[in-house]
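The values are calculated or read from the model by the stated rules, or taken from the named source; none is laboratory data. Everything quoted here is computed from the prediction, not taken from an experiment. Methodologically, a virtual Cβ is constructed for each residue, glycine included, from the backbone with ideal geometry; neighbour enumeration extends over all protein chains shown.
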Amino acid sequence: MQPMTELDADSLRDYYRKFSRFEASGTSPIYAAWAAGVAEDEEIIELLLELPKPKRQANLLFAAARHLGAGEGDYPSLRTWLLAHWGVTRDLMLARSTQTNEAGRCAVLLPALARIEGPISLIEVGASAGLCLYPDRYSYIYTTESGSLALHPEAAPSTVELTCEMTNATPPEQIPEVAWRAGIDLNPIDITDSDQQEWLHALIWPEHRLRRDRLSAAVALVSADPPRLVPGDLLETVEGLVAEAPAGTQKVVFHSAVLAYVEPAERESFAALMRSRDDVVWISNEGGGVLPDIGTQLDRETDGRFVLAVNGQAIALTGPHGQSFEGLG
């Protein structure tokens, strides 16, 4: 039997190879090259093994390096920089997490939210900086085979415009009225803090300039009216916030690309809690294997997309950044 450290090293090398081939390939040539380089670099692997397992992920390593000034060059350049700056990189990786806050996901959440009779109280689990708590403040462009539909907040078109390609579904016709909003996160990001804004930018992959521009616009909009964000564990905190929601509103608990970072037993406990609450509409937007009871409803491959579900019922496959919505019937 191999020593545990060698098993860990093999697992980490395999993770970085898969990240390069399947996650970054075709999406970020820089990250694909960096991950492929790390996978074959014994010295960097050994440094990563010093970190707790959740802190060894590629997104966190690469974002930390870029945030600290590593640039976006080839892998040999990154390697040289990491070896010279490992202390501060390690400290940042231990202090931060991959709290990517993609406002674009509101475009795939909106079709589910628009079905709910309002006004609504929104509670986001894993809210990061809370940018997805503002679906009523953004403009939307939905494109279909028959044309496109634009939706704007009642007051005026938004400075944040989200685009989404819809198939096998009809675009929503209205933006819901949000009467109250709040979020939960283990480590909420203060959207008014410039350093934390820069961290959110670093979490966006290098080539994704449109997403960075969208983030800048969403940060400017939301920082003028920051959301209430409560630090805490999802299971320990969510019911308290639900209880605070104003009477006469429909309570909606939602999350997007969050539960993959939660242990499976805790995910199931959270799903069971949501299923038990008749007074809450539960909207989940997660990877196909994250919530097995939802994933088993599918009759097709997700091809890297998320599964949007309402009260545990799968209704669509969605692009990870909100770029597409395929209805499931």
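Observations on the structure shown:
- Per the listing Val258, Val253, Val262, Val310, the residue uniquely touching a residue at least 24 places away in the same chain (Cβ under 8 Å), among the β-branched types (Val, Ile, Thr) and farther than 29 Å from Glu161 by Cα is Val262.
- Every residue from region 185-199 that is of a type outside the set (Asp, Glu), out of contact with any Lys or Arg (no Cβ under 8 Å at 6 or more places or on another chain) and not in a loop (DSSP other than H, G, I, E, B): Ser194, Gln196, Gln197
- Odd one out for Thr80, checked against (1) of a type in the set (Val, Ile, Thr); (2) more than 20 Å from the chain's Cα centre (by Cα); (3) in the same structural domain as Val219 (by TED's automatic domain parsing): (3)
- For region 128-166, the tally of residues that are in a loop (DSSP other than H, G, I, E, B), in contact (Cβ under 8 Å) with a residue 40 or more places away in the chain and at negative phi stands at 9.
- Considering region 173-198, and only residues there that are in contact with a helix residue (DSSP H, G or I) (Cβ under 6 Å, 6 or more places away or on another chain) and surrounded by 16 or more Cβ atoms within 10 Å (Cβ to Cβ), the residue that is farthest from Glu161 (Cα to Cα) turns out to be Ile184.
- Filter result (in contact (Cβ under 8 Å) with a residue 40 or more places away in the chain and either in a loop (DSSP other than H, G, I, E, B) or surrounded by 20 or more Cβ atoms within 10 Å (Cβ to Cβ) (or both)) within region 40-51: Glu50, Leu51
- Count of residues meeting criterion [in a helix (DSSP H, G or I), within 18 Å of Val258 (Cβ to Cβ) and either without any contact (Cβ under 8 Å) to a residue 12 or more places away in the chain or of a type outside the set (Gly, Ala, Ser) (or both)] in region 87-109: 4
- When residues of region 71-96 are limited to those that are of a type in the set (A, V, I, L, M) and surrounded by fewer than 15 Cβ atoms within 10 Å (Cβ to Cβ), the one farthest from Trp34 (Cα to Cα): Ala95
- Scanning region 223-255 for residues that are assigned to a strand (DSSP E or B), in contact with a Gly (Cβ under 8 Å, 6 or more places away or on another chain) and closer than 16 Å to Ile283 by Cα yields Gln250, His255.
- Lone qualifier among Gly69, Gly26, Gly37 - being modelled with pLDDT of 95 or more and outside any helix (DSSP H, G or I): Gly69
- For Ile294, the test of being among the aliphatic types (A, V, I, L, M) and in a strand (DSSP E or B) is failed.
- Of the candidates Ala169, Ala182, Ala202, the single residue that is part of a helix (DSSP H, G or I), in the same structural domain as Thr249 (by TED's automatic domain parsing) and touching a residue at least 60 places away in the same chain (Cβ under 8 Å) is Ala202.
- Look at region 275-296: where a residue is touching a residue at least 60 places away in the same chain (Cβ under 8 Å) and a partner is charged (D, E, K, R) and in a strand (DSSP E or B), sitting 6+ places away or on another chain with Cβ atoms under 9 Å, you get Val281/Lys251.
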